[in-house]
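Reading through the structure tokens given below for one structure.
The values are calculated or read from the model by the stated rules, or taken from the named source; none is laboratory data. Note that this is a predicted model, so its numbers are computed, not measured. Note that each Cβ is placed from the backbone with ideal geometry, even for glycine, and that neighbours are counted across all protein chains shown. When the accessible area is computed, the model is the full protein with side chains, heavy atoms only, and any ligands, DNA or RNA have been set aside. Shrake-Rupley method; radii C 1.70, N 1.55, O 1.52, S 1.80 Å.
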Amino acid sequence: MPNPAALFAPARIVRRDRPDGTVLLESARQLEAYPASVAGHLRHWAAVDPARTLVAERGPDGEWTQCTYGEAAVATAAIGQALLDRGLSARRPLLILSGNSTGHLLMTLGALGAGIPVAPVSVAYSLLSKDHARIRAISELVRPGAVYAEDAQRFGPALAALGAPVVISVRGGPAEHSLTSLRGTVPSAAMEAAYAAVTGSTVAKILFTSGSTGAPKGVVTTHGMLCANQQMMRQVWPFLAEERPVLLDWLPWSHTFGGNHNVNLVLANGGTLFLDDGRPAPDLFGRTLANLRDVSPTIAFNVPAGYAQLVPALETDRRLAERFFARLRLAFNAAAALPPALRTRLEALGRAVTGRDVPVTGSWGTTETSPASTSAHYPFTDPRCIGVPLPGVTVKLVPTEPGTFEIRVRGPHVTPGYLDRPDLSEAAFDAEGFYCPGDAVAFAGGTDPGLVYRGRLAEDFKLSTGTFVRVEAVRTALLSATPILADAVITGEDRDEVCALAWLNAAETARVLGAVPSPAGEIVHSPALADHLGPALAQLNRAAGSASRVRRLLVLARPADLDSGEITDKGYVNQRRVLAARAALVSQLYADPLPDTVITPSPAR
């Protein structure tokens, strides 16, 4: 077990201030050498420790089925050769429809080892979408040489929509293109030559953004980007050199957090990845709890929606909490700020169970930065903290208003651009080559050397009074004030008051209120719900400024919709898409007289 003092490298940064108010930040540490190929990580650990488990998943009998580094190295060499035999190449990538699985990982590593790009797309585009419009558009852009769908029958409608020339599957597809058939291929000199030709500039993946700032874009992701990013993380998390990571993770590989950050952290450090077949959804979270009873992770990665489900479960089950924290070095949050009250509860749990502080930390990055650009690798108090630049990263802070900056980033982990969209690629970078994601930050202040996240510039707005509203800050404060809410979108642009639409956290609501109120059409409302949320809003507003007071609240019955772009399968809610799609509900928040279903601040009874 690592020494707690060796968890993090000291945070040391170099700051340069320009006359126009722009600030450049860099780590005082130089980025050390890193491999040229993601597949090289697998070959290294297969030679060093071939019997070590790389990936494990639940089999049909409920038992964990494991694949070692040695087995994976043999399988991926065969798969890479099979893909080359079927005509795949740098110009004919592999499109992956299926979710996280051993087969998915082996197909990915087989393709990467042969210099073939992989394009994993959200499972929801295949299984939940009604029109398959997004997946057809993605296929037209990628022009795949083959499509991997673990169950060809289950993914049948999506495959039919694509008209894929070669379908590779575990079951339900043609035998000559089955994963078993591919694994039986004998690698030739062509495979070794393809592996040797992979360089840092070779395209490894094409990842599609969630669409939070528009239509999904194909982010070109190279081997060098991914390998550089893992070296950055190793330099600020030295404990990775002392103890190989063990993860239990559900985060989808179609997104950069799960597919780049977490999978490659395991590969780069010779760790083990247990595939969590649950997720923070009412009908699936029980699987996550069952898996945690089997697996004690060394690092916990999740999004706020996941921690919102996990923390109440740990608080009510001491044995589960002991299992979760048994060898946990840190809990890591990303995708959105963790509500302060939830972070406090998680830290208190760790302290109560282990008798030591278990850091709850995070970072900042995007799909285009593969993904981490900053890291909070030091103690901090503000849950919005995103830390300081990683080694090799230069952060450029452009002032937008007093105390607030637009953050831009440059480094070897940044994408060269978007697939077949030179217009978007050019617009994404400034004249100095800094990538511009459209996020706002501020200096943390006090003894904290880093930055705090202030939200997306495209989501912030002004009230009719001219007062500026920081959406992320209001949303985080609201969710912290009343944990029975799972998520919220903030309204008020060009109106005179801030209001919100929100969704319930079913598990927390049942615990607090005894039951989840039944919906009535588009809205959830009950006297008990109003009696709980009204005082919570009043308490929140007493400590808030005019631009942060939530005056009215509607609780929504219908979940955010995938096809309209309201949400991704990772759980990120697109503020502007929701407001546009539910404009009639927004109008109810500002109606006169107010409908009875609108909840307003009220004193506790």
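The table for this structure:
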quantity	calculated
Cα-projected label distance for Ser201 with Thr467, points at 7 Å along beta-carbon direction, nm	5.3
Reciprocal of mean inverse Cα separation for segment 1-74 (Kirkwood radius, Å)	16.9
Amide H contacts under 5 Å for Trp237, placed H, 5+ residues apart	Ala9
Distance between segment 21-69 and segment 378-427 - C-alpha centres, whole angstrom	24
Rounded FRET efficiency, nearest 0.05, which uses the C-beta distance separating Ala458 from Asp61 and R0 of 56 Å	0.70
Calculated FRET value between Gln153 and Asp357, using beta carbons and R₀ = 35 Å, to 0.05	0.10
FRET E, pair Arg18, Ser425, Förster distance 25 Å, beta-carbon r, rounded to 0.05	0.45
Stretch gain in nm, segment Val74-Asp131, where the contour uses 0.36 nm per residue and the Cα spacing is subtracted	16.6 nm
Relative contact order computed over segment 453-502 (Cα-Cα under 8 Å; 6+ residues apart), in percent	34
Antiparallel content of DSSP bridges confined to segment 126-252, in %, to 5	55
Charge sum, other residues only, whose C-beta stays under 12 Å from Ala321's C-beta, Lys/Arg counted +1 and Asp/Glu -1	+3
Segment 88-147 shape via C-alpha gyration tensor axes, a/c threshold 1.5	oblate
Spatially proximal aspartates and glutamates relative to Lys462 (Cα-Cα < 12 Å; intrachain offsets below 8 disregarded)	Glu493, Asp494, Asp496, Glu497
Mean separation of Cα contacts under 8 Å, 6 or more apart, over the residue count of the chain: relative contact order %	12
Principal semi-axes in Å for the chain [√(5λ), Cα gyration tensor, largest first]	38, 27, 25
Segment 71-193 - percent relative contact order, Cα under 8 Å, separation 6 or more	32
Cα gyration tensor shape for segment 362-416, rounded if a/c is under 1.5, else prolate or oblate	oblate
Residues of the chain: accessible area per residue with a 1.4 Å probe, Å²	38
Whole-percent carbon and sulfur share, accessible surface of the chain, 1.4 Å	53
For segment 132-232, the fraction of alpha-carbon pairs in successive 10 Å shells from zero, as %	13, 30, 37, 19, 1
Added length on full extension, which subtracts the Cα-Cα distance from 0.36 nm per residue, Ala591 to Ala348	83.3 nm
Full-stretch length increase - Ala28, Ala538 - with 0.36 nm per residue and alpha-carbon distance subtracted	179.1 nm
Spin-label pair Asp294/Ala241, simplified geometry with 7 Å Cα→Cβ offset, distance in nm	3.4
